[in-house]
Amino acid sequence: MVVFMTQFSRHCVLCSAELWNVHVVVLVKGVLSFNFCEFLNPAAMPTVHDWINNPLGVVDGMFAQSHSSPDWEKKVVEYFKEKLKLNDAHAWVPSLNDVPLHYMKPNSLVKFRCMVQDMFDPEFFMGVYEMNDPTSNSKQLKCGKYKDVTECGQVDFNSRNTVTSERQTFYCVPIPGESQWVKESYAGTSQARVVPSTSYVPNRHKRSYEEDDAMDTQPQQRKDVSQGAHSSAESHGNMEPKRQETKAPSQDSSPSHCTSSLDLNFPLPGEKGPACLVKVYENWDSFKLNDMLEVFGILSVDPALSVIADEREASSLLDPTEGMETVEEQRVHSPPASLVPRLHMLYAQPLVHNNPLLPSSALENNDLSSVLGELASVRAELLTFFTHVLMGDSLAAEYLIFHLISNVYSRRDVLPLGKFTLNLSGCPLNSSYTEHLYNVIQQLVPSSFRLCMSLHNMNKQRMVPRKDYTANRLMSGILQLANNTSLFLDETQLGQGQLDTTGVQNITALGNLISWQKVDYDFNYHQMEFPCNINVLIASEGRSLLPSDCQIHLRPTLNPPNLEEYLSAVQVAQVPSQINKYRIYLSMARALNYTISDEITKAVEEDFVEMRKDDPQSMSAEDLHRLLVVARLLSLSHGQNTLSRDGWMKAKQLEVLRISQTQQQKCVNGHEP
């Protein structure tokens, strides 16, 4: 007999009243019970000291020793935290990001680098339950934490010792747009040794996300978001490219399985890797939607979870009054474990960044002093590289560096401070230049996405996440991205035609993202504002129809006979060690603290008054703000965390050159605004 321990909570959409819908499902299946008992046979399990292969043994041991003590649960978490700190032990923990699920040992400790895509309603579970041992005719208390099903035996549901606890469930997906070099670097540093699991044999009709890479990866309406989607689709770690599972396994007993699909709800098309239901037991209020996390938890993929989901759905079809969940909600919240594994969180580390070349501890402790001196030399090399990529335009290369290290460091009321959306105009049409430019950026930043702003994409794609109340989940959109993602908007793909209602809404959403660094999620009855920190680069022929903080017109001084061969040669000329320096440089420069002394502040104020003396229209408050942002980014790009007089003068010179270059182009194109 296997007992599923979860109880679900619901909130009334209209009145927000809290309703509780309790499910305790008891399965009596001879084969399932036998296999499950065999798996939980203590003689077949590793010792309790093997905290990676058998973390539940550690938990059960601590529970047996001190479950009467109120702080035993804290001791469990501290135990694993300390273990993970010793001698880079976290590198020995297998990662769901680069190890196929069927290689993972059930109930072992694993990690998952992810983004919180959705937060489900809280659920109850049996934190402590009492079991009857028929052989000894005795009762024994068991710990239900970090588990989905009970151990073998008879559960005494009437026991006064039963303790009902609460946990939260997060739906987590791999970090959207994570670059291939990031995945490979994380996988290359892993010390985990895994072999195909023999304890867990999924039913063959339960297809996992690793199989059959010839199948589609997203619903049809989301295939054409990016013309480069097929090239940017990431393979699963260092394994062969795999597909994302979209279909729920078919069941003869449930016709809805045959006609409905289960969308794994990845924000971007072409994404690979598993989605996970992460069970959170404490401090879940400290996590927010779209947070980047590295979760360490106990993997749960037992076939009982899939059987429970099937039987619950079938029972609700026979008797709709039995449960308050809709069929769609049941499938979304209880998908097959072979498709969406459960991960019971022991510890989660918020990721300041996902650059594997730069330890998070260095940024958390602001311990960057040892490398500040090297930033200036790397900057010079990167400037030369970008100048070649931009066909000889060194000024545009300067501003591209500024853009890539920009960061929203604070918010004043609704105004995000530090953002620097760049409009690179003058990009050639009818060529692959913008695609090559994006590929260069993709090789340097940890996460990115190229959105081809074709008329079809603008009118058909879902940019803004939307709440689906039928399935009780947040349907992802392209703009549901983690912080520090580089969004490349290719406006050269926008042809003639008319934007429909969806297209206008998408353009408005992009404008709000650029101007206010926020995305208004659609909750049907209202919109909810979610702040973000996304670098937006707009590549266009003329001035973009979208707002920007700075426009610079590309002025090539080189005219290679074959543009593609030239750009490929420029990239090949950069050795991997040099590329790694650029990757570290960009992440570190954007993480530096920055201050302006009172002396420099006074000098800037006096300079502003002097510039407006002869012509008040020559320097507006908006111009001053942009100039201060350029001065800040110029200082940081040189590894200087404070503004100097020389830095201020250099920023003014760069702005004069940029404005002059843009004005010259306006004279050439008189129709351009």
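For Gln154, the residues whose amide H sits under 5 Å from its own are Asn132, ignoring neighbours fewer than 5 places away on the same chain, with H placed 1.01 Å from N.
Computed log10 I(q)/I(0) for region 559-663 at 0.14, 0.20 Å⁻¹: -0.74, -1.04, from the Debye equation with unit scatterers placed on every C-alpha and solvent omitted.
Fully extending the segment from Leu289 to Ala64, taken as 0.36 nm per residue of separation minus the present Cα-Cα distance, adds 77.4 nm. For region 463-518, the relative contact order works out to 28 percent when only alpha carbon pairs closer than 8 Å and six or more residues apart are counted.
Computed with a 1.4 Å probe on the full set of protein chains, the accessible area for Lys147 sits at about 20 Å².
Applying Stokes-Einstein at 37 °C and 0.692 mPa s to the Kirkwood radius of region 90-173, computed over alpha-carbon pairs, gives a translational diffusion coefficient of 211 µm² s⁻¹. With r defined as the distance between the Cβ atoms of Ser620 and Glu565 and R0 fixed at 45 Å, what FRET efficiency is calculated, to the nearest 0.05? After rounding to 0.05, the efficiency reads 0.50. Electrostatic bookkeeping for Asn132 treats Lys and Arg as +1 and Asp and Glu as -1; over the other residues with beta carbon under 13 Å from its beta carbon, the sum is -2. Going down the table (Lys105/Lys142; Lys85/Lys105; Lys105/Lys139), which pairs top 24 Å between alpha carbons? Long pairs (Cα-Cα over 24 Å): Lys105/Lys139. Carbon-plus-sulfur accessible fraction, region 427-467 (probe radius 1.4 Å, protein heavy atoms only): 49%. Sorting Glu329, Glu82 by accessible area puts them as Glu82, Glu329; the probe is 1.4 Å, largest comes first, and only protein heavy atoms count.
Taking Asp285, Asp490, Asp302, Asp615 and ordering them by how much accessible surface each has at a 1.4 Å probe, largest first, produces Asp285, Asp615, Asp302, Asp490.
Whole-Hz Karplus values for region 605-617 come out as 4, 5, 5, 5, 4, 5, 5, 8, 5, 7, 9, x, 7 Hz, taken residue by residue from phi with 6.51 cos²θ - 1.76 cosθ + 1.60 and θ = phi - 60°; glycine and proline positions read x.
Annotation: amide H-H contacts under 5 Å for Ser447 (H modelled 1.01 Å from N, sequence separation of 5 or more, or interchain): Ser179, Ser486. How far apart, in nm, are the 7 Å Cα→Cβ label points at Thr384 and Ser136? Once both label points are built, they end up 7.5 nm from each other. Between Ser165 and Leu545, the modelled label-to-label distance comes to 5.5 nm, taking each label 7 Å out from Cα in the direction of the beta carbon.
Among the listed pairs Lys147/Lys272; Lys147/Lys288; Lys518/Lys581; Lys419/Lys518; Lys81/Lys279; Lys419/Lys581, a Cα-Cα separation exceeding 20 Å is found for Lys147/Lys272; Lys147/Lys288; Lys518/Lys581; Lys419/Lys581. Projecting the alpha carbon convex hull of region 423-510 along each direction and taking the average yields 7.1 nm².
Over region 392-494, what is the mean sequence separation of C-alpha contacts under 8 Å (at least six apart), divided by residue count, expressed as relative contact order in percent? With pairs under 8 Å counted, the relative contact order is 25 percent.
For Arg342, Arg555, the ranking by accessible surface with the largest value first comes to Arg555, Arg342, using a 1.4 Å probe.
The values are calculated or read from the model by the stated rules, or taken from the named source; none is laboratory data. Remember, predicted model here, so these are calculated numbers, not experimental data. Note that each Cβ is placed from the backbone with ideal geometry, even for glycine, and that neighbours are counted across all protein chains shown. Surface accessibility is based on the protein's heavy atoms, side chains included, excluding ligands, DNA and RNA. Shrake-Rupley method; radii C 1.70, N 1.55, O 1.52, S 1.80 Å.
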